[in-house]
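The values are calculated or read from the model by the stated rules, or taken from the named source; none is laboratory data. In this text, all values refer to a predicted model and were calculated from it rather than measured experimentally. All Cβ positions, glycine included, derive from the backbone under ideal geometry; neighbour counts span all protein chains shown.
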Amino acid sequence: METIKRRFRVNRKDIHYLRTTIEAYDGMAVVRTVEPHGHEPVADSVQRNPPKLQSSFAEASEDTRIPLRSGDRGSLRRRVDPSEATIELLIAPGCEDLISKLLMALKEKEGIPLETKE
């Protein structure tokens, strides 16, 4: 079955609530976390790498920094905000309208920030 994929930037603390709320509507959508700049689910990348490499990846991701501007030699900032995450919704065909209404209610009534990510 072909699903509709939509990505959102969310607060990490909201992932569990979003996942359980959305997936409670059985068969309509699945929520998964994804790499912020990639297309591979986080869980998939960890499962394919041996345990020895997992700690190396974690250490490397902690040290990933980029210059603020080309003229700022010593100024560095983190590439990814650690309080944010990217989630991907895999929506079953025919359920787009219901999931859109649910997301709108979560955003407006529950106050959960959901930023659409292209």
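Things to note:
- Options 87, 91, 66; residue that is of a type in the set (A, V, I, L, M) and at pLDDT 95 or above: 91
- Test: residue in the range 21-29 that is surrounded by 12 or more Cβ atoms within 10 Å (Cβ to Cβ), modelled with pLDDT under 50 and β-branched (Val, Ile, Thr): no
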